[in-house]
Each structure stands twice: as C-alpha cells, then as structure tokens.
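Enquirer: Handing you a structure now.
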Amino acid sequence: MPGKRSFDYTDDEEVPEIILHENDSDEGDRRKRGGGSSTRSGEPRRRTCCNPIIIIGLVIVILAIVGLLLFFFLFKPDDSNQGGGTKENQNSLPGSEPASVDVLEKLCSNNNGKDMQRIFSTGEELYMVEFFNFQNQAERDTFDEYRTLLSDLGSDVEMVQEIKIESWEMIIVMKYRNAAVFRQSVLENPDMESMLEQRKRIQNSQMIATSLNMDVPNMYPKLVKQPGNPEYIFFHALKFKAGTGRQNVAIFDGDTEGIKGSFGIFSQAWLDVQAACIGQNDEVDQFRIESVRSVAEYGKILMEDGWTEAQEYRTAGIKISDSYSQISDEFEMVTNLYL
C-alpha cells in the first residue's frame, strides 16, 4: 500500500537505517555471549511493541463505556415520573403519546378518531362531557354499569357533574388528570373493553372532549362564588358566530357579572369544546353550567337596569339555531370547578 512500509522487507535500502544499526548491535551482543548468529547476515528483526497512542486511546474508550454503564444502572430515572412532571405539576404535563385511531375507535364513532388525537397535544386536565337519552331499560342498565366503572378508575378520574335537562335524560362530566390518563384508564384498560363496546351501542348519546375555560376567575371573579345548594342550574350550549361572536358574548359577560353575582347566579364550569368522540364535530363551541340560588331571584334579574342591553350582545354573538339554554332542578351533582 502506498505510504506504508513493512519491516518484512529484506532489501537493506527498504529498512530504516536506525533499525539496521540496532539489529547489528544486538547480533554482536549475541555473538559475544556465544548465542550464535542469525540465518542471514544483517537481517533486521521484527518490532513487536505497540504504539503507546493506540493503547491510551483504547483505555479511554473502555473507561467511557464503563462510565456510561455505571450511570445507567446507578442513576436510572424514576419510571413513575416519566412525562416531565412531579405530583405538584402533573396537571400541566407536556403533551402525551397520542392514542392510535384504532384505539380511539374502541369508543369513538363516525370517524372521530383522528379529530380526537388533538387532545393529546397538551398535558392539561381533560373534561369529557357525555350526553344520554335512553331508548329502553337495557341502555339505562348499561349506563349505570358504565358510570360505576368510571367511578372506580382511581384518584386521577373523577365525576364532577351529573345533571338532567329537558333535552337530555342524563349529562355527566368526567374529569381526567390529563389525556394520557384517559387513554390508559379507559381506552387501553382491559377491564373496560367490554363496557366500551356496550357504551358505543347506546343509540342517542354524545361524548365531547373539553377543557376548562379560565376566563371566569381571571376576568369575572364575581361569578366564582360558591352558591351552596342551588335551587336550579342553567345548562348552556353555545355556538359562537364567526368573527366577533366571542367578543360580543364577552361584552355580555362583563356587563352582567355584577348583576348575576348580586342575584345568586354563579358559574360552576365553562367548558371549551376540543373534539368530538361520539357525536358531530364542531356542533357547539362551549358548554356552561351555572347555579341559580332561587327562581325568585332569577325573576328579578330580568328587570335590572342594563340586563336587556347586555343581552343584545349575547344574541349578536351566538348562532341561535345551534345554541340552547335550559334550566333544571334535576341533578345529582354540581361541582364548582373554580374552587
């Protein structure tokens, strides 16, 4: 190979001179000791020592490998904290691994699996709003069993609302610590597999993934006060008009905050729609649950100065045909999600 010489060559011109001298000296020493001569006069012996630089490099590589192995076994991260947070900040974990469409379709319908994948981009709390109208007793029994199983899924899953309105025989809101918990506890839970198939067969139902809107405590603090045991609740489903729809409704909220607070109407939850699992995508934009302290006080609010003018902004901000508000006194559970 060009540029590389071997000490096996016998031509004296191809052997470095210093090597020849060293071998000559060695040969003379052996003769003095009576050790005989080499078979060929002046033939150099092979050098058997290793390059010190190569040895040092090999030692460094071996030490690096040993160090990495020690680090892995002695300082392996705690698997219980995978995902980037401690128990103190688990409600705002980074986005989790999305559930596959096949997994989502164990529960979701009408090709909503792809739409539902967006809920896994955040580690925030997830609120699943579920609506039911039952065709027969078998569907009611299925719901009762389903609700029981959901209630037994552990501390990271909690039922926070259970109400009935004119349009729906039952509405429940399930709170999950994040979407990863929903995936693991519901979609991928072997104990839930059979129940998900039955839940999916309830003909007239919806299941909507939502997040908690924080405008209430940040912008309208007078609406946060816990009303105790309300006489009635309001359930609002809102579809905002394109453009300035949300801004117009925000004007209504700001102008009526003081009036509502004075007459015992308080916000329990504003839930922003993120995706539909069962039901139509983008049917509504937000659900609101309000508590009403008494019907008598609610009747007075309609006569207050400024209420009618503020109501005009609300009307201008929502699509009336796609929105509804219903009052009800039939509820098992109403939870203020801001307290």
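Enquirer: What are the residues in segment 206-236 that are of a type in the set (A, V, I, L, M, F, W, C), assigned to a helix (DSSP H, G or I) and out of contact with any Leu (no Cβ under 9 Å at 6 or more places or on another chain), if any?
Expert: Scanning segment 206-236 gives 219, 223.
Enquirer: State whether one or more residues within segment 211-223 are under 30 Å from residue 104 (Cα atoms) and of a type in the set (Ser, Thr, Tyr).
Expert: If we filter segment 211-223 for residues that are under 30 Å from residue 104 (Cα atoms), which is where we start, we get 211-214.
Filter once more, so that each one left must be of a type in the set (Ser, Thr, Tyr): 211.
The answer is yes, given that some residue of segment 211-223 is under 30 Å from residue 104 (Cα atoms) and of a type in the set (Ser, Thr, Tyr).
Enquirer: Quick one: in segment 178-234, which of the residues that are β-branched (Val, Ile, Thr) and over 23 Å from residue 285 (Cα atoms) is farthest from the chain's Cα centre (by Cα)?
Expert: So in segment 178-234, the residues β-branched (Val, Ile, Thr) come out as 181, 186, 202, 208, 210, 216, 224, 233.
Those still in the list that are over 23 Å from residue 285 (Cα atoms) too: 181, 186, 202.
Details: 181: 8, 186: 14, 202: 28 Å.
Out of the qualifying residues, it is 202.
Enquirer: Which of the residues that make up segment 279-330 are modelled with pLDDT under 95, among the hydrophobic types (A, V, I, L, M, F, W, C) and part of a loop (DSSP other than H, G, I, E, B)?
Expert: Within segment 279-330, 302, 303 qualify.
Enquirer: Follow-up question, since we're still on this one. Test residue 257 against the stated conditions and say whether it is touching a helix residue (DSSP H, G or I) at 6+ places or on another chain (Cβ under 7 Å), surrounded by 14 or more Cβ atoms within 10 Å (Cβ to Cβ) and assigned to a helix (DSSP H, G or I). Break it down stepwise before answering.
Expert: On the way: touching a helix residue (DSSP H, G or I) at 6+ places or on another chain (Cβ under 7 Å): yes; surrounded by 14 or more Cβ atoms within 10 Å (Cβ to Cβ): yes; assigned to a helix (DSSP H, G or I): yes.
So residue 257 fits the description; yes.
Enquirer: May I pose another question? With the condition being touching a Gly at 6+ places or on another chain (Cβ under 6 Å) and buried (at least 20 other Cβ atoms within 10 Å of the Cβ), I'd like the helices (runs of 4 or more DSSP H) fully within segment 98-201 carrying at least 1 qualifying residues. Give the derivation first.
Expert: On the way: elements: 101-104, 113-116, 137-151, 179-182, 193-200.
Answer list for segment 98-201: 101-104.
Enquirer: From the list 276, 209, 237, exactly one residue is in contact with a strand residue (DSSP E or B) (Cβ under 9 Å, 6 or more places away or on another chain), within 30 Å of residue 304 (Cβ to Cβ) and buried (at least 17 other Cβ atoms within 10 Å of the Cβ). Which is it? Can you show your working first?
Expert: Working: 276 fails: within 30 Å of residue 304 (Cβ to Cβ); 209 fails: within 30 Å of residue 304 (Cβ to Cβ).
Only one candidate qualifies: 237.
Results for (1) within 26 Å of residue 244 (Cα to Cα); (2) in contact (Cβ under 8 Å) with a residue 24 or more places away in the chain; (3) in the same structural domain as residue 242 (by TED's automatic domain parsing), shown as yes or no for each residue.
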residue	(1), (2), (3)
266	yes, yes, yes
283	yes, yes, yes
308	yes, no, yes
317	yes, yes, yes
321	yes, no, yes
328	no, yes, yes
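The values are calculated or read from the model by the stated rules, or taken from the named source; none is laboratory data. Please read all numbers here as calculations on a predicted model, not as lab measurements. We place every Cβ from the backbone using ideal geometry, glycine too, and count neighbours over all the protein chains shown.
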